[in-house]
Amino acid sequence: MLFTGDFAQSGKSEQFDEMQREVLKPLWDELRKLGSGDAVLLSVPGNHDLCRPNPDGDNPARIPFIRQGGFRDIADKFWNTLKVPIAAL
């Protein structure tokens, strides 16, 4: 299953918890009932999935994307500052 963000509205932990509880878990339960319990979830975070506590400070959204290495810098910043536990469904 491919899920292309947004999981949350503003990247807050409780929004991810709610998404998992209210959307992903029921969806996964239904897939298991249908015999697709071995499905794989591939997610691509959306712009609302980034936590941006200081828009003028150290913010991945402010890293220039269109330059050599821009994508890697953004990806590294996102994954290295992720504060939401990746929970198994």
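General observations
- Flag for Ser43 being at pLDDT below 85, of a type outside the set (D, E, K, R) and in contact with a His (Cβ under 9 Å, 6 or more places away or on another chain): no
- The one condition in (1) modelled with pLDDT under 80; (2) surrounded by fewer than 14 Cβ atoms within 10 Å (Cβ to Cβ); (3) not in a helix (DSSP H, G or I) that Ser36 fails to fulfil: (1)
- Scanning the range 1-20 for residues that are without any contact (Cβ under 8 Å) to a residue 24 or more places away in the chain, surrounded by fewer than 17 Cβ atoms within 10 Å (Cβ to Cβ) and under 16 Å from Ser43 (Cβ atoms) gives Asp17, Glu18.
- Residue check, Phe65 modelled with pLDDT under 75 and assigned to a loop (DSSP other than H, G, I, E, B): yes
The values are calculated or read from the model by the stated rules, or taken from the named source; none is laboratory data. Just so you know, these numbers come straight off a predicted model, no measurement behind them. For neighbour counting, all protein chains shown are included, and Cβ atoms are generated from backbone atoms with ideal geometry for every residue, glycine included.
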